[in-house]
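The values are calculated or read from the model by the stated rules, or taken from the named source; none is laboratory data. Just so it is clear, the structure is predicted and the values come from calculations on it, not from any experiment. All Cβ positions, glycine included, derive from the backbone under ideal geometry; neighbour counts span all protein chains shown. The protein model used for the area step is the full one, side chains on, heavy atoms only, and it has no ligands, DNA or RNA in it. Shrake-Rupley method; radii C 1.70, N 1.55, O 1.52, S 1.80 Å.
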There are 2 protein chains.
Amino acid sequence: MLNERSLSVSQECAECPIRHRAVCARCESDELERLEEIKYYRKFEAGQTVIWSGDRMDFVGSVVSGIATLTQTMEDGRTQMVGLLLPSDFVGRPGRSNAAYDVVATTDLVMCCFRKSPFEELMRQTPHIAQRLLEMTLDELDAAREWMLVLGRKTAREKIASLLSIIARRDASINMTTAHGNIVFDLPLTREAMADYLGLTLETVSRQISALRKDGVIELEGKRHVTVPDMSRLLEEAGDDADGGVFA
Amino acid sequence: MLNERSLSVSQECAECPIRHRAVCARCESDELERLEEIKYYRKFEAGQTVIWSGDRMDFVGSVVSGIATLTQTMEDGRTQMVGLLLPSDFVGRPGRSNAAYDVVATTDLVMCCFRKSPFEELMRQTPHIAQRLLEMTLDELDAAREWMLVLGRKTAREKIASLLSIIARRDASINMTTAHGNIVFDLPLTREAMADYLGLTLETVSRQISALRKDGVIELEGKRHVTVPDMSRLLEEAGDDADGGVFA
DNA sequence: GCGCAACTTTGACCCAGATCAAGACCGCGT
DNA sequence: ACGCGGTCTTGATCTGGGTCAAAGTTGCGC
């Protein structure tokens with residue numbers, strides 16, 4: 001999730017953002033054909049659960065369009081988002097039979113899936129697929145650890161700025177920037193989902209977003225449409241180095 | 001880090017906890033021989049830095065004995081531990097040339113290292129090594145995400161109990177349990193290091209440990225020697241299911 | 001156009017944990 | 001034995017963010 005690497009690889013093919021090549025940039029045509037055979041699409045509506053933690057998971061795949069979240073929930077209902085799945089992000093745990101997290105679509109969602117056991121069989125026969133997956137998993141691990149710093153040591157304001165800068169950065173390669181170099185995007189998450197990502201309450205999220213708006217760090221149109229006039233200012237607010245920071 | 005899988009595999013060989021087999025349980029003798037050729041040991045004293053974040057890292061390896069931490073630090077000095085390396089844990093990022101975190105020995109430390117480029121070459125030729133590393137990385141990703149829940153949503157008391165139960169569980173397979181089934185271990189971390197792991201201050205760590213002692217959840221002898229009379233009680237305090245919880 | 005439900009904002013107050021400060025407890029080197 | 005530095009505990013106070021409450025906004029179905 002949230003890494004540049006899989007994104008750039010996935011841009012090779014127009015039909016489907018994972019489109020085999022996000023998994024494997026070097027596959028030969030017959031391997032691509034075998035992937036094609038075990039491929040299928042799944043569509044979900046906003047709010048639908050893709051899979052529950054603990055359920056048997058007989059596929060791997062990746063996000064074609066829309067946004068999904070990975071969350072963990074304690075018995076008393078406290079929940080923590082542990083990952084955000086944007087288009088081209090990979091989902092699935094080769095070698096594991098059960099899902100470890102709830103996966104929920106927060107917008108309408110299309111996924112490109114591969115049946116798990118033939119995929120694993122192909123992985124065994126095609127070594128560089130495992131290597132590619134290792135790289136992607138290392139990227140996710142980095143992102144998870146960056147997020148541990150955010151959760152453990154940043155203030156509410158810094159947390160919000162960190163989340164906005166991740167989305168802005170990630171969206172920047174998809175969305176347009178205005179003539180003035182502003183970054184513009186729509187928040188794909190409710191205040192509550194942001195709170196669950198950041199380890200805050202939704203009220204605090206709302207207050208801090210208002211504060212950032214008042215201070216001119218961001219501009220808001222409606223509740224979701226965000227303009228970032230000065231990205232380095234936002235990164236500064238996030239506590240990262242202004243010149244790129246941790247996600248550079 | 002902190003997973004049962006690599007631990008159990010590593011018990012196959014007595015000479016060195018990683019001993020090739022932690023990397024690869026199915027290697028043939030000639031592959032083990034090649035690993036042997038590129039293997040070397042490194043020793044560090046308590047407090048020594050193994051590698052700084054951003055530095056070139058030309059090895060991979062694993063912990064033979066002792067304990068190390070992975071930490072990230074912000075410019076203003078706030079630090080967050082993102083991983084705890086116990087014996088048999090793997091260190092290194094195949095395919096990446098630079099370290100992403102500071103690695104610091106918190107006790108005297110022995111590591112078993114492999115030179116990186118021949119290791120990667122061997123990995124290319126021996127597909128199941130990449131698969132094994134993928135599994136280990138997925139384990140680390142799970143542990144990191146579990147920790148996100150701890151950092152984002154648990155109270156100070158629950159955080160302490162979570163850390164103690166991880167160490168207890170992990171140490172249980174190494175250390176002895178007393179006749180009464182008590183789990184006994186020495187804390188391998190200072191209060192400050194615990195605070196950095198948990199996103200707390202060292203004072204709060206100290207207070208909560210005192211509170212858990214007063215409430216009979218743990219017993220303390222000196223500052224570091226811990227006895228857990230009732231593991232399920234500790235897991236309950238951690239906010240996990242009493243019957244095993246998230247690390248079952 | 002109205003009403004309802006989901007989402008969001010804002011205010012008032014409170015509390016868990018941070019901060020500041022003072023000692024206590026070691027182990028170690030001289 | 002002593003002093004010293006590192007580690008740990010405990011107390012007093014402060015505050016960022018949580019909690020509770022109320023009202024504003026938006027969109028959708030009828």
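With the label put 7 angstrom out from Cα along the Cα-to-Cβ vector, A:MET74 ends up 2.3 nm from the copy partners, going from closest to farthest. Note on A:LYS43: lysines with a C-alpha under 24 Å away, same-chain residues under 8 apart excluded, are A:LYS116. Computed with a 1.4 Å probe over protein heavy atoms only, the accessible surface of the stretch B:50-140 comes to 31 Å² per residue. Interface size, chains A and B: roughly 4500 Å² of accessible area buried, both sides included, 1.4 Å probe, rounded to the nearest 100.
Listed by chain and number, the lysines placed with their C-alpha closer than 23 angstrom to that of B:LYS223 are B:LYS159, B:LYS214; residues fewer than eight positions away on the same chain are left out. Summary for A:GLN48: label point 7 Å along Cα→Cβ; distances to the equivalent points in the other copies, ascending, 5.7 nm.
Quantify how strongly other chains surround peptide B:150-162 by giving the mean number of their Cβ atoms within 10 Å of each of its Cβ atoms.
Values: counts 4, 9, 18, 10, 4, 1, 0, 0, 2, 1, 0, 0, 0.
Averaged over the peptide's residues, the number is 4.
Across identical copies of the chain, A:GLU192 has label-point separations of 4.3 nm, listed in ascending order, with the point defined 7 angstrom from Cα along Cα→Cβ.
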